[in-house]
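Right, one structure below, let's go through it.
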Amino acid sequence: MRIKCPHCGERDRREFYYVGDAVALDRPDPDAGDVVWDDYVHNRDNPAGVTRDLWYHESGCSTWIVVTRNTVTHEILKTELASKVKEAMA
Amino acid sequence: MRFSGWKVIKEGLSGNKGWGAHWRDAQPKPEYDAIIIGGGGHGLSTAYYLAKNHGLTNIAVVEKGYLGGGNVGRNTTIVRANYFLQGNSEFYSHSLKLWEGLEEDLNYNVMHSQRGLINLFHSDGQRDAFARRGNMMVNQGDDAILLDREGVRKHLPYLDFEQTRFPIFGGLYHPRGGTARHDAVAWGYARGASDRGVDLIQNCEVTDIDIEGGVVKGVQTTRGPIKAKKVGIVVAGRSGQVAAMAGRRLPIESHVLQAFVTEGLKPVIDHVVSFGMGHFYISQSDKGGLVFGGDLDFYASYAQRGNLPMKEHVMDAGMTLMPMIGKAKVLRSWGGIMDMTPDGSPFIDKMDGVDGLFIDCGWNYGGFKAVPASGWCMAHLMATDTHHEAAAKFRLDRTRTGVNILDEEGTGSQHNLH
């Protein structure tokens, strides 16, 4: 599996650390309560198909990347800088 | 059809023509008392114990593919009860006891082989942790022996004791641990359930779960609707998709775990050996193949195949620990889809807000050894509406409340840490 880092180009999967669902970009309010926080921290859509997750270019430029990929085929569909995605959400 | 020594001799002398099918190929009826979604190890054992322990025989197992075609046919067959935390400890202890009587109970040769399991340790700190784990196992009534380096050498003389990276300090020996023939476990439970009247319906995919006014009414399938008073979801590997049919998100992320098998060799490895520092474990099948694996690939996946970095890592670790296997040729590798939970422990629980709907999921990478007790406790829950004492802590609300978090590794209750 090769992942295209927006800064460094296409690199081997070994260079990246996988964090998990990109839900982490949408952190609830600190006072949102235990049900909302449980849902955010633990529950997942966990799709068999297209998903968006966060990867960290650990052995490269140290940037956070939102990877859109298919969990059934391992195909990488899109990569974006997490900072840009977060800005667009604001 | 039952197995016996007499039957083996008779069939041997008459051309083996008298062996019948092991279970009925059932067609779906319009209605059952209970439906189990998923014809894998856990689903079949749930059906078997519902029939045997609770007298519920008007039940069906619906399976989208063929019986035993999922993770029960794709694992590395290890059976052990070496858990530390209360909640896990009594459950796996119960499971191991069921394993020990399983062949007699099912009249089926599941090739359960208690060849002993040795978890190696490589530092003083790890030795202390293993001593403590061993004490917990003994307190639970199971067996554990702390071996020093020479003790390990007696059992496993072929290890590289001189390695500088992770010198072997000793091992925790669990003599009752071992392996079993994975497919036979599914087949044995299937036959036992079918003989007791359970309908095993293959090639029947559940497409929706019917719920009216907070009560489960049945399921929609590719072979038509089936009504049921109770429905159990036992589909580890696909839990998220089936739970979504009931409008529930689960604390599960699916990951791929790879396994490998070599060509058949003469007996060289008598035990199950795990090398935690290198993330590697190995045993030898009765056919002679070395069966081994390592860690998850560590990204969400349903692909049932992994990538090269983990293959490389597992081979590296194997060569570090036991260079003697270096010339063995790997015949096959494959991946299984693991229901990974935040704390690394499973769920056997009611589905909140829906009467009659139950779920058994989240087995992480340790579901095979749990097959007997999982079915036993899930059947208890479905039949009596109360949690079995051995699985009383496998609750879905533990991620929210933080009570009875079962983080066996002590790495934190969060996805991507187990």
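Surface composition of the range B:177-227: carbon plus sulfur atoms hold 42% of the accessible area, using a 1.4 angstrom probe and ignoring ligands, DNA and RNA. The alpha-carbon atoms of chain A define a convex hull whose volume equals 98 cubic angstrom per residue. By the gyration tensor of its Cα atoms, with a ≥ b ≥ c the square roots of the eigenvalues, what is the shape of the range B:105-167: rounded for a/c under 1.5, prolate for a/b over b/c, or oblate? It comes out oblate by the Cα gyration axes.
Per residue, the average separation of C-alpha pairs within less than 8 Å and at least 6 apart gives chain A a relative contact order of 29 percent.
Per-residue mean of foreign Cβ neighbours for A:48-58 is 2 (Cβ atoms of other chains, 10 Å radius). Judged by a Cβ-Cβ distance under 4.7 Å, the unpaired cysteines of chain A are A:C61. Sorting the segments B:340-346, B:406-412, B:105-111, B:371-377 by their residues' average number of neighbouring beta-carbon atoms within 10 angstrom, most packed first, yields B:371-377, B:340-346, B:105-111, B:406-412. Dipole orientation for the range B:290-374: of the candidates B:P309, B:I325, B:C361, B:I325 has the Cα lying most toward the positive pole (charges on Cβ; Lys, Arg +1; Asp, Glu -1). Note on the protein assembly as shown: dipole from Cβ charges, positive end direction compared against B:G412, B:L85, B:V219; the farthest Cα belongs to B:V219. Under the criterion of Cα pairs below 8 Å and six or more residues apart, the relative contact order for the range B:320-418 equals 33 percent.
All other residues whose Cβ lies under 15 angstrom from that of B:M319 are scored, Lys and Arg at +1 and Asp and Glu at -1, for a net of 0. What residues of the range B:291-327 lose no less than 50 Å² of accessible area with every protein chain in place versus their chain by itself (probe 1.4 Å, heavy atoms only)? Listed by number, the residues meeting the 50 Å² cut-off are B:Y299, B:A300, B:Y302, B:N307, B:P309. Sequence-distant contacts, meaning Cα pairs under 8 Å at least 6 residues apart, place the relative contact order of the range A:37-90 at 26 percent. The Cα atoms of chain B define a convex hull whose projected area, averaged across directions, is 20.5 nm². Which residue, A:W64, A:N46, A:I3, has the largest displacement toward the positive end of the dipole of chain A when charges sit on each Cβ (Lys, Arg +1; Asp, Glu -1)? Going by the Cα projections, it comes out as A:I3.
Residue order by solvent-accessible surface for B:K97, B:K350, B:K287, B:K311 is B:K287, B:K97, B:K350, B:K311, largest first, with ligands and nucleic acids left out and a 1.4 Å probe.
Here's the picture: a label point sits 7 Å out from the Cα of B:A392 along the beta-carbon direction, and within the range B:339-379 nothing has its amide nitrogen under 11 Å of it. Among residues other than B:V152 with Cβ under 15 Å from its Cβ, the summed charge is -1 (Lys and Arg +1, Asp and Glu -1). Chains A and B together bury roughly 2400 Å² of accessible area, counting both sides, with a 1.4 Å probe on protein heavy atoms only.
Taking chain B as a Gaussian network, where each spring joins two C-alpha atoms under 10 Å apart, which residue of B:Y302, B:Y92, B:Y49 fluctuates the most? In the Gaussian network model the winner is B:Y302. Taking 0.36 nm per residue of separation and subtracting the Cα-Cα distance, full extension of the segment from B:D25 to B:L417 would add 136.9 nm. With a 10 Å cut-off around each Cβ of A:66-76, the average count of Cβ atoms from other chains is 3. Counting charges near B:L106 (Lys, Arg +1; Asp, Glu -1) among other residues having Cβ under 13 Å from its Cβ returns a value of 0. Working from label points 7 Å from Cα in the Cα-to-Cβ sense, the A:A24 to A:V72 distance is 2.7 nm. Dipole magnitude for the range B:285-418: about 620 debye, using +1 per Lys or Arg Cβ and -1 per Asp or Glu Cβ, origin at the Cα centre. Helical runs assigned H by DSSP (4 residues or longer) give chain B a calculated mean residue ellipticity at 222 nm of -8500 deg cm²/dmol, each run adding -39500 (n - 2.57) before division by the residue total. Expressed as a whole percent, how much of the Cα-Cα distance distribution for the range B:292-418 exceeds 22 Å? So the pairs more than 22 Å apart make up 49 percent of the total in the range B:292-418. For trypsin sites (Lys or Arg not before Pro), the sites in the range B:150-204 that DSSP calls loop and that have at most 13 other Cβ atoms within 10 Å are B:R165.
In debye, nearest 20: dipole of the range B:289-360 around its Cα centre with unit charges on the Cβ of K, R (+) and D, E (-)? Value, rounded to 20: 700 debye.
For the protein assembly as shown, what class follows from the C-alpha gyration tensor (a ≥ b ≥ c being the square roots of its eigenvalues): rounded when a/c is under 1.5, otherwise prolate if a/b is larger than b/c, else oblate? Oblate, since a/c reaches 1.5 and b/c is not below a/b.
Counting Cβ atoms of other protein chains within 10 Å of each Cβ in A:27-40 and taking the mean gives 1.
In the complete set of protein chains, residue-level accessible area for B:S4 is approximately 50 Å², probe 1.4 angstrom.
Distance between the pseudo-spin-label points of B:A129 and B:D270 (7 Å out from Cα toward the beta carbon): 2.9 nm.
Normalised Debye scattering of the range B:110-241 at q = 0.09, 0.13, 0.21, 0.23 Å⁻¹ gives log10 I(q)/I(0) of -0.55, -0.78, -1.23, -1.34, counting only Cα atoms as equal scatterers and leaving out solvent. A 1.4 Å probe run over the range B:271-418, with the rest of the protein chains in place, finds 36 Å² accessible per residue.
Note on chain B: with charges restricted to the Cβ of Lys and Arg (+1) and Asp and Glu (-1), its dipole about the Cα centre is near 940 debye. Note on the range B:283-347 and the range A:1-73: Cα centroid distance 24 Å, given to the nearest whole angstrom.
The values are calculated or read from the model by the stated rules, or taken from the named source; none is laboratory data. In this text, all values refer to a predicted model and were calculated from it rather than measured experimentally. Cβ sites come from the backbone with ideal geometry, for glycine too, and all protein chains shown count toward neighbours. Just so you know, the surface numbers come from the protein's heavy atoms only, side chains and all, with ligands and any DNA or RNA stripped out. Shrake-Rupley method; radii C 1.70, N 1.55, O 1.52, S 1.80 Å.
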